[in-house]
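**Q** Before anything else, here's the structure in question.
The values are calculated or read from the model by the stated rules, or taken from the named source; none is laboratory data. In this text, all values refer to a predicted model and were calculated from it rather than measured experimentally. Please note: Cβ atoms are built from the backbone with ideal geometry, for glycine as well, and neighbour counts cover all protein chains shown.
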C-alpha cells in the first residue's frame, strides 16, 4: 500500500492510494491535513466520489476544522480497474482499510456510506471490529442495508435468471455489452429516475450528474458486483456499532433499499438516530443534501460529546 500525490490545490488535494493488491484508488481530500477529525465519504454502486458533492460542500462549510476524504471504489470513477473476482464487498472493506492507513493513519474517523458505500462501512466494521470505538468514532449508513437486498424493492430483480444471463454476456463480450448499456441507459432513463429519486421533482443539474456517473461506469464493474449483493449479509456488524454514535438515514420513496432495511438496522444498533426523509428516493444525498447534512450535524455533535467524555475518563 502506498500513496502518491498527483495534484494540490487550496480547496482540494488529489492523491492515488495503492491497495495491497496493487489497485490505484483515486482519493480527494478537503480541509486541513492536521485536522482533529476525518470524515470519509463512501459512494454507491455505479457512482463515484462526485455523488457526495452537495453533502461534502455542506460539511466543509459547517466544519471547517474537519478533514473530508472521498475516493472512488475500484473499477469506479477515476480509480483503476481490477480483476473481476475482486469486485466484492469483502475487498471493498479491505480497500477502505488501505485508504485509512494511507490518509488517516492516526486520529478519530467518521465513516459515511451511501448504498454500496454503507455496505462497505458495515463490512469493514465486521472485518475490523477492534477499530470501532478506537479509530472509528461514528458511522452514518445512508440508503443502504445490512442484508436481504434481494428480498424487497427493486432488489428482488437480483433473483431474476436474466441477471445471470447478463453477467455471462458481459464476461464473453464486455465491449459489446458496454455499448448496449449506453443505449439502454437512454431508453430506461425514466425508470432509473423513478428508482433513484422517488416521487419528488429533481433539478436537471442533479439528474445530469447522476446519469453521467451511471453511464461512465464500466459494464464489467456494474455486472460483477451484482453477485456480491445477492449473498451480502453483515448483520453481525450492527451490534459492534452500538458502541459509537450511529446515524441510519433513507428516503421514504427509496425503491432500491426500502425504508424497511433502515428500520431493521436502526433497531439493531443501540441509541442509533433513525432519519427517514419524506418523499426522497435512493439518491437522497443528491436530492436532499441539506437534510442529509442536518442529520450529519447531529451525528458530529454526538461524536464530539462522546469524544469529550472519553478524554475526561482518560484524564
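**Q** In this structure, does residue 292 turn out to be assigned to a helix (DSSP H, G or I) and free of Cβ contacts under 8 Å to residues at least 40 places away in the same chain?
**A** Here the answer is no, as residue 292 does not meet what is asked.
**Q** Tell me which residues, restricted to the stretch 237-257, are in a helix (DSSP H, G or I) and more than 17 Å from residue 136 (Cα to Cα).
**A** Within the stretch 237-257, no residue meets the criteria.
**Q** Across the stretch 223-245, which residue is modelled with the highest pLDDT among those that are buried (at least 21 other Cβ atoms within 10 Å of the Cβ) and more than 15 Å from residue 126 (Cα to Cα)?
**A** By that ranking, first place goes to 245.
**Q** Please work out which residue is nearest to residue 46 (Cα to Cα), limiting yourself to the stretch 84-119 and to residues that are in a loop (DSSP other than H, G, I, E, B) and touching a residue at least 60 places away in the same chain (Cβ under 8 Å).
**A** Top of the filtered list is 115.
**Q** Of all residues in the stretch 258-285, which are modelled with pLDDT under 90 and in a helix (DSSP H, G or I)?
**A** none
**Q** Does residue 207 qualify as being farther than 22 Å from residue 128 by Cα, at pLDDT below 95 and part of a loop (DSSP other than H, G, I, E, B)? Don't jump to the end; show me each part of the working.
**A** Values: farther than 22 Å from residue 128 by Cα: yes; at pLDDT below 95: yes; part of a loop (DSSP other than H, G, I, E, B): no.
Considered against the rule, which asks whether it is farther than 22 Å from residue 128 by Cα, at pLDDT below 95 and part of a loop (DSSP other than H, G, I, E, B), residue 207 comes out as no.
**Q** I'd like to know if the stretch 128-140 contains one or more residues that are part of a helix (DSSP H, G or I) and buried (at least 23 other Cβ atoms within 10 Å of the Cβ).
**A** No, because not a single residue in the stretch 128-140 is part of a helix (DSSP H, G or I) and buried (at least 23 other Cβ atoms within 10 Å of the Cβ).
**Q** For the structure I just gave you, tell me whether residue 90 is modelled with pLDDT of 95 or more and buried (at least 20 other Cβ atoms within 10 Å of the Cβ).
**A** no
**Q** If you don't mind, another one. Residues 261, 282: which one is crowded, with 24+ Cβ neighbours inside 10 Å, within 21 Å of residue 57 (Cα to Cα) and touching a residue at least 24 places away in the same chain (Cβ under 8 Å)?
**A** The unique qualifying residue is 282.
**Q** Can you tell me which of (1) in contact with a strand residue (DSSP E or B) (Cβ under 6 Å, 6 or more places away or on another chain); (2) surrounded by 19 or more Cβ atoms within 10 Å (Cβ to Cβ) is the one residue 78 doesn't meet?
**A** Here residue 78 clears every test but (2).
**Q** Checking residue 17 against (1) over 25 Å from residue 228 (Cα atoms); (2) part of a strand (DSSP E or B): exactly one of these is not met. Which one?
**A** Just one mismatch for residue 17, condition (1).
**Q** Can you confirm whether the stretch 217-233 contains a residue that is under 19 Å from residue 42 (Cβ atoms) and touching a strand residue (DSSP E or B) at 6+ places or on another chain (Cβ under 7 Å)?
**A** Within the stretch 217-233, one or more residues are under 19 Å from residue 42 (Cβ atoms) and touching a strand residue (DSSP E or B) at 6+ places or on another chain (Cβ under 7 Å).
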